[in-house]
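Data first, discussion second: the structure below is written as structure tokens.
The values are calculated or read from the model by the stated rules, or taken from the named source; none is laboratory data. All of these numbers come straight from a predicted model, not from anything done at the bench. So basically every Cβ, Gly included, is an ideal-geometry build from the backbone, and we count neighbours across all protein chains shown. When the accessible area is computed, the model is the full protein with side chains, heavy atoms only, and any ligands, DNA or RNA have been set aside. Shrake-Rupley method; radii C 1.70, N 1.55, O 1.52, S 1.80 Å.
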Amino acid sequence: HSFELGASRLLQMFPPSDPMTEKEIADLIDYFGEVLKPLFEHVNIHRPKRIVGSSGSFDTLAEMIGHRYHGKNVLKDRISYDFNLNEYFEMHKILLPSTIADREKMKGLIKLRIELIVFSSILTNFVIQKTGVEKMTVSKYALKEGALFELIEKENIHKILFKC
């Protein structure tokens with residue numbers, strides 16, 4: 001199931017103050033609770049232990065955490081990164097009251113994500129809290145690579161694509 005919760009869409013729906021107010025954050029969380037009801041129904045059945053994110057905000061959070069807590073880009077030359085959730089929660093607490101000017105100075109945060117990263121972190125934190133997952137990973141591969149791989153495996157398309 002795909003949920004229309006991209007950070008750009010949220011930015012348009014919930015234009016934030018700088019920094020976001022507690023009411024704006026609460027409104028966003030209420031919205032997430034409504035939109036994600038189907039997800040939480042499945043979480044109650046399957047009890048996942050790990051969140052796996054890809055691209056965009058997850059890459060950015062990993063890079064920010066890497067620079068802040070490890071002095072380096074933790075994604076360099078890697079295909080995945082396992083977050084230390086305590087580091088993520090600390091970064092989340094830093095992001096919530098931050099202004100755009102504050103975020104412009106944060107290492108690992110590219111300009112494209114300066115306005116969006118707070119929304120992304122609120123959503124990520126909400127999902128972690130609601131699901132009780134114990135681990136979070138970022139994969140440098142996205143859904144499209146996984147779908148293509150599955151198609152190749154199931155249909156033996158590699159014989160067609162690569163004339164094997």
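Sorted largest first, the principal axis extents computed over the alpha-carbon atoms of the chain equal 57, 38, 30 Å. How high is the FRET efficiency from D18 to K72, r the C-beta distance, R0 25 Å, rounded to 0.05? Computed FRET efficiency for D18 and K72: 0.25. Can you give me the % of accessible surface on the chain that is carbon or sulfur? Probe 1.4 Å, all protein chains present, nothing else counted. Percent of accessible area from carbon and sulfur atoms in the chain: 53. Subtracting the Cα-Cα distance of L143 and N84 from their residue separation scaled by 0.36 nm leaves 18.9 nm. Under 30 Å of direct C-alpha separation, and excluding same-chain neighbours fewer than eight residues apart, K105 reaches these lysines: K23, K72, K76, K93, K135, K140. In straight-distance terms, cross-link reach from K144 covers every one of the aspartates and glutamates whose alpha-carbon lies under 18 Å from its own, apart from those fewer than eight places away in the same chain; here that gives E4, D59, E153, E155. In this simple spin-label model, placing a label point 7 Å from the Cα along the Cα-to-Cβ direction at both S2 and V52 gives a separation of 1.9 nm. Dividing the helix sum by the residues of the chain, where each DSSP H run of 4 or more adds -39500 (n - 2.57), gives a mean residue ellipticity at 222 nm of -16500 deg cm²/dmol. Each of R9, R103 has its accessible area taken with a 1.4 Å probe; listed largest first, they run R9, R103. F14 contributes about 50 Å² of solvent-accessible surface, heavy atoms of the protein only, 1.4 Å probe. Residues whose amide H comes within less than 5 Å of that of G53, counting only those at least five positions distant or on another chain, are T137, V138, S139 (H built at 1.01 Å from N in the peptide plane).
For the residues L116, L143, L95, a GNM of the chain with alpha-carbon springs under 10 Å puts the largest fluctuation on L143. What is the helix-to-structure angle for 56-65, meaning the angle in degrees between its Cα long axis and the longest Cα principal axis of the chain, kept from 0 to 90 and rounded to the nearest 10? With rounding to tens, the tilt is 60 degrees.
In order along segment 18-23, the phi-based Karplus estimate (6.51 cos²θ - 1.76 cosθ + 1.60, θ = phi - 60°) of 3J(HN,Hα) comes to 10, x, 5, 8, 4, 5 Hz; Gly and Pro are listed as x. Relative contact order for segment 41-144: 49 percent, from Cα pairs under 8 Å spaced at least 6 residues apart, divided by residue count.
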